[in-house]
Amino acid sequence: MASIDLDKMLEKIKSTQWALSDIDWDAPGAELITEEQWPKLKEFMADLMWIEHVGARAFAALSKKAPTDTLREIYSYFHAEEQRHANAEMALMRRWGMLDGDEIPEPNVNLRIVIEWLDRFADEMPVYVLGTVVPMLEIALDGALCTFLLETVEDPVCHQAFEKINDDESRHLGVGFTVMEMQGRSASYIKMVQMMARVMDPRLILGIASYMPLLNKMRDNVIAMGLPEEKLYKAMQKFERIGGRTEEGRRNPWFQLIKQHGRWVTNRSNKAYHVPVDALVKITGLVPRKALPAVPSWVKELTYEPVATR
Amino acid sequence: MSESSNAKKASAGKKAPARRKSAAKKAATARKAAARKAPAKRAPAVTPVSVLIVGAGFAGLGMAIRLKQAGIDDFVILERGNAVGGTWRDNQYPGAACDIPSNLYSYSFAPNPNWSRSFSGSQEILDYIHHLVAEFDLEKHIRFEKNVADLSFDEKTGVWTATTDKKERFAGRAAIMAQGPLSNCSFPNITGIDDFAGKKIHSARWDHDYDFTGKNVAVIGTGASGIQIIPELVNVAKHVKVFQRTPGWVLPRPDFSTPEWNKLLFKKLPASQQAMRNLLYWTHESMALAVIWNSPLTRIAERVAKLHLRRQVKDRWLRRQLTPDFTIGCKRVLVSNDYYPALQKDNAKLITWPIARISEKGVRTVEGIEHQVDCIVFATGFDVSNSGTPFPVKGRGGRVLGEQWKGGAQAYKSINVAGFPNLFMTFGPNSGPGHNSALVYMESQLEYALKGIRKIIGENLKVLDVKEEVQQRYNKSIQKRLAKTNWNSGCKSWYLTEDGFNATMYPGFATQYAAQMADFREDDYETA
Ligand SMILES: Cc1cc2nc3c(=O)[nH]c(=O)nc-3n(C[C@H](O)[C@H](O)[C@H](O)COP(=O)(O)OP(=O)(O)OC[C@H]3O[C@@H](n4cnc5c(N)ncnc54)[C@H](O)[C@@H]3O)c2cc1C
Ligand SMILES: [Fe+2]
Ligand SMILES: [Fe+2]
């Protein structure tokens with residue numbers, strides 16, 4: 001598969017936008033959520049919504065860093081689109097009576113740590129790091145989790161919303177992989193060494209340390225919802241399959257790194273990885289919320305209201 | 001283009017009867033001429049004046065004053081509006097003001113000791129313009145509501161003829177194109193803009209009858225006009241949402257009112273005002289080093305702007321949204337003390353999501369939300385053509401200027417174009433200042449044009465045409481110098497054409513520009 005034409009992609013993105021008001025959030029079907037499903041779904045949706053939001057912040061960083069005008073503009077759209085996904089998911093939660101009043105659901109601690117990391121360091125990360133991590137997150141968390149959801153939830157409004165969300169996601173992935181290939185094409189040996197040297201950057205280590213437990217935590221969520229974890233792994237293998245489909249993609253050292261990480265995650269018998277990471281999940285689960293710094297103000301932009309009058 | 005109702009008000013009392021009389025006389029002459037050549041198919045010839053000026057803004061009026069001071073009195077100014085003032089007649093939005101100190105943003109040949117503040121408001125500048133018209137008795141030369149639609153040169157007679165959209169014709173031996181670089185505006189091409197059922201206002205065509213009290217307002221655009229309007233609107237409207245695409249660099253504005261003793265000093269001792277002007281001039285000249293080229297001063301200017309932002313905005317995310325990602329100077333540098341604080345008021349909000357479309361009730365942004373408002377203010381700037389002309393201009397042998405400029409506009413010293421004799425442009429290609437008063441540049445253009453006009457009249461020339469090769473040599477060097485400037489450093493702005501050709505800015509100090517314009521070389525021109 002050849003890389004996509006980014007200028008055409010930008011035009012397409014601009015001309016095919018949707019809004020929350022395109023969906024009737026009060027249409028019948030909410031009653032199809034079973035009582036048994038409800039509590040787990042609530043936690044799952046809260047996490048999903050936050051993952052969208054975290055993805056949004058990563059795209060915000062990319063929109064400042066990307067090497068061309070076109071890419072910068074594409075990423076600024078993706079930033080807003082991920083926010084739209086989070087908003088739409090919040091609207092679904094509200095429809096299902098999962099919001100306490102008007103409150104934004106609390107992010108879990110792993111997410112709080114990722115949010116904190118993004119807020120502090122995302123803008124300083126080199127574009128090739130984010131450009132590779134983001135597609136991975138998109139496939140593993142965003143894309144895969146959405147698919148699961150549709151298999152368990154029958155509410156037609158949910159399906160309507162996710163049809164739109166998935167359309168956006170497929171474009172995010174198309175661009176993500178194209179960029180990985182672009183990077184692989186231009187990465188000279190020196191740049192590769194530079195990239196590797198970055199791994200030693202303590203800020204990046206922090207990022208990885210917060211990203212790893214997040215994946216394991218989501219795996220736990222998925223299982224709690226009664227879904228086979230293999231589905232998550234299959235989605236992550238998709239990253240390896242698509243990202244590695246071309247020579248250029250494979251040559252991107254970051255792809256190699258993330259791919260390797262994906263393999264560890266999906267291999268439960270790899271104790272060397274899972275024992276410490278699961279422990280991290282547990283430990284972070286114990287971190288008292290008060291110990292975390294106040295949420296950055298970009299978090300407060302979320303809303304489930306299709307219309308804002310002020 | 002319809003002018004703002006305010007412009008109409010401003011001009012109401014000013015339409016001098018002299019204007020009618022002279023227009024009537026002109027029409028009579030035209031009728032007589034028509035009668036003589038009755039059966040001829042071609043439109044009858046019009047008796048040419050010495051100089052035909054298009055536009056009664058600062059440039060056109062300045063030219064008129066210099067002509068008068070030089071003893072040339074038979075000239076006509078064609079103005080499509082019904083009042084003088086151009087930019088300052090049209091831009092009467094709340095908060096409108098110049099961002100170059102008034103003592104520098106005025107003509108040195110007609111100083112005003114009474115400026116009330118260091119950066120005067122739009123109304124005060126307009127008053128100054130009206131004062132110029134009165135003092136130099138220009139009204140009788142102005143023909144209002146003459147919208148020039150065509151400007152053509154006849155080589156045999158050596159005469160330029162301007163034809164208006166109503167097919168009236170005016171002729172002159174020399175012609176001045178002073179129609180303004182920023183005089184045309186329109187609503188931007190945003191999907192759904194016509195669906196909006198609320199009120200739409202363009203910053204340069206303000207509707208003074210619309211009451212913002214208690215209204216929800218959207219402002220689209222955060223350039224020079226936007227940042228002046230926003231603080232004013234936040235003061236009166238119920239809620240203001242500001243839609244920003246790209247943040248600009250904002251420097252603090254050292255604005256203060258002029259103490260009475262100072263006005264008195266300027267009046268009694270004009271030399272002191274000249275000294276002030278000189279000081280301001282050189283301060284702005286030194287800004288060129290920061291704004292035009294990427295130098296250590298550029299970093300310092302960026303540091304000052306960042307400190308200004310840091311001091312006024314405490315929230316990290318908002319600061320990030322407001323931090324530009326291009327070199328300072330690449331686009332117009334903004335100056336304001338009250339823009340950042342206004343954005344942080346309870347009834348204001350900055351929105352940086354891209355706009356998806358405009359709907360019946362408001363603005364839909366890509367994060368999926370419809371922001372419903374009563375009124376949308378478009379501070380989206382002007383229709384600038386840096387690769388065409390606002391109306392057809394036809395020179396020797398029927399050549400069309402817009403066609404020659406397709407790949408980007410070009411001129412000799414920004415003022416003449418080969419093949420278009422006896423034609424002088426104010427604000428022509430590569431005459432834009434990035435750091436200093438436009439009027440400083442304008443003055444040197446007016447002096448240059450005056451020299452050319454004197455030559456045409458004095459030697460009774462039909463043709464004074466810059467040589468093609470002279471123009472080419474000039475442009476080669478200009479483009480070479482431009483390549484090293486911040487404007488051409490890779491950011492998009494209205495200074496550049498779609499292909500990144502810079503036909504707008506002058507790559508140097510105002511002093512350099514003035515020196516080049518002070519030097520009128522006869523052998524650069526072909527005469528006949
Ligand atoms: C909001 C704003 C703020 C500015 N602030 C500054 C500043 O602080 N410092 C600075 O140096 N510059 C500033 N400028 C730039 C400003 O445009 C120039 O300084 C100057 O006013 C331009 O004068 P002008 O006579 O060339 O053009 P204009 O003032 O635009 O006058 C042109 C006149 O020509 C008329 N006209 C146009 N087309 C036709 C036609 N076809 N037929 C007949 N008449 C026609 C118009 O109606 C208008 O009256 C500012 C511009 C704007 C818009
Ligand atoms: Fe998403
Ligand atoms: Fe996505």
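Among the residues here, B:L450 does not qualify as of a type in the set (A, V, I, L, M, F, W, C), under 18 Å from B:W160 (Cα atoms) and part of a loop (DSSP other than H, G, I, E, B). Within region A:86-125, the set of residues being more than 30 Å from A:A30 (Cα to Cα) and more than 16 Å from the chain's Cα centre (by Cα) comprises A:R120, A:F121, A:D123, A:E124, A:M125. Return yes when A:G55 is surrounded by 21 or more Cβ atoms within 10 Å (Cβ to Cβ), more than 16 Å from ligand 1 (Cβ to nearest atom) and at pLDDT below 90 and no when it is not. Considered against the rule, which asks whether it is surrounded by 21 or more Cβ atoms within 10 Å (Cβ to Cβ), more than 16 Å from ligand 1 (Cβ to nearest atom) and at pLDDT below 90, A:G55 comes out as yes. Among all positions in region B:486-493, there is at least one residue which is in a loop (DSSP other than H, G, I, E, B), in contact (Cβ under 8 Å) with a residue 24 or more places away in the chain and within 16 Å of ligand 1 (Cβ to nearest atom).
For region B:204-232, taking the residues that are within 14 Å of chain A (Cβ to nearest Cβ) and assigned to a loop (DSSP other than H, G, I, E, B), the one that is nearest to ligand 3 (Cβ to nearest atom) is identified as B:K215. Scanning region A:154-175 for residues that are of a type in the set (A, V, I, L, M), closer than 30 Å to A:P67 by Cβ and more than 10 Å from ligand 2 (Cβ to nearest atom), we see that the one that is farthest from the chain's Cα centre (by Cα) is A:V175. Can you spot a residue in region B:171-184 that is farther than 27 Å from B:P429 by Cβ, surrounded by fewer than 21 Cβ atoms within 10 Å (Cβ to Cβ) and of a type outside the set (G, A, S)? Within region B:171-184, none of the residues are farther than 27 Å from B:P429 by Cβ, surrounded by fewer than 21 Cβ atoms within 10 Å (Cβ to Cβ) and of a type outside the set (G, A, S).
Quick check: anything in region A:48-65 assigned to a loop (DSSP other than H, G, I, E, B), farther than 30 Å from A:K8 by Cβ and in contact with a helix residue (DSSP H, G or I) (Cβ under 7 Å, 6 or more places away or on another chain)? Looking for residues that are assigned to a loop (DSSP other than H, G, I, E, B), farther than 30 Å from A:K8 by Cβ and in contact with a helix residue (DSSP H, G or I) (Cβ under 7 Å, 6 or more places away or on another chain), one finds none in region A:48-65, hence no. Of the residues A:D7, A:D24, the single one that is away from ligand 2 (no atom under 16 Å from the Cβ), in a loop (DSSP other than H, G, I, E, B) and either in contact (Cβ under 8 Å) with a residue 12 or more places away in the chain or away from chain B (no Cβ under 11 Å) (or both) is A:D24. With a requirement of 1 or more residues that are more than 12 Å from chain A (Cβ to nearest Cβ) and under 29 Å from B:D99 (Cα atoms), the strands (runs of 3 or more DSSP E) lying completely within region B:313-412 that satisfy it span B:375-378. Summed over region B:376-416, the residues that are hydroxyl-bearing (S, T, Y) and under 30 Å from B:I227 (Cβ atoms) give a count of 4. Residues in region A:20-75 that are closer than 17 Å to A:K164 by Cβ and within 16 Å of ligand 3 (Cβ to nearest atom): A:L48, A:M49, A:E52, A:G55, A:A56.
Comparison of A:R250, A:R310 shows that the only residue that is closer than 30 Å to B:R357 by Cα and at pLDDT 70 or above is A:R310.
Among the listed residues A:E73, A:E11, A:E31, which satisfies the condition of being more than 17 Å from the chain's Cα centre (by Cα), away from ligand 1 (no atom under 16 Å from the Cβ) and closer than 27 Å to A:V114 by Cβ? Just a single option satisfies the conditions, and that option is A:E73.
Just wondering, is there one or more residues in region B:74-82 that are of a type outside the set (V, I, T), in contact with an Asp or Glu (Cβ under 6 Å, 6 or more places away or on another chain), farther than 28 Å from B:K462 by Cβ and within 13 Å of ligand 1 (Cβ to nearest atom)? Scanning region B:74-82, I find at least one residue that is of a type outside the set (V, I, T), in contact with an Asp or Glu (Cβ under 6 Å, 6 or more places away or on another chain), farther than 28 Å from B:K462 by Cβ and within 13 Å of ligand 1 (Cβ to nearest atom), so the answer is yes. Does B:I201 satisfy the condition of being assigned to a strand (DSSP E or B), away from chain A (no Cβ under 14 Å) and either in contact with a strand residue (DSSP E or B) (Cβ under 8 Å, 6 or more places away or on another chain) or touching a residue at least 12 places away in the same chain (Cβ under 8 Å) (or both)? So B:I201 fits the description; yes.
Each row is one residue, and each column tells you yes or no for (1) of a type in the set (D, E, K, R); (2) within 16 Å of ligand 2 (Cβ to nearest atom); (3) at pLDDT below 95.
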residue: B:L104; (1), (2), (3): no, no, yes
residue: B:A110; (1), (2), (3): no, no, yes
residue: B:S116; (1), (2), (3): no, no, yes
residue: B:D154; (1), (2), (3): yes, no, no
residue: B:G180; (1), (2), (3): no, no, yes
residue: B:W206; (1), (2), (3): no, no, no
residue: B:K215; (1), (2), (3): yes, no, no
residue: B:V219; (1), (2), (3): no, no, no
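If you filter region B:131-180 down to residues that are in a strand (DSSP E or B) and among the basic types (K, R), you find that the one that is nearest to ligand 1 (Cβ to nearest atom) is B:R143. Applying the criterion of at least 2 residues that are surrounded by fewer than 18 Cβ atoms within 10 Å (Cβ to Cβ), within 14 Å of another protein chain (Cβ to nearest Cβ) and more than 16 Å from ligand 3 (Cβ to nearest atom) to the helices (runs of 4 or more DSSP H) found wholly in region A:91-183 leaves A:109-121.
The values are calculated or read from the model by the stated rules, or taken from the named source; none is laboratory data. All figures in this text were calculated on a predicted structure; none of them were measured in a lab. Every residue, glycine as well, gets a Cβ built from its backbone with ideal geometry; the counts of neighbours run over all protein chains shown.
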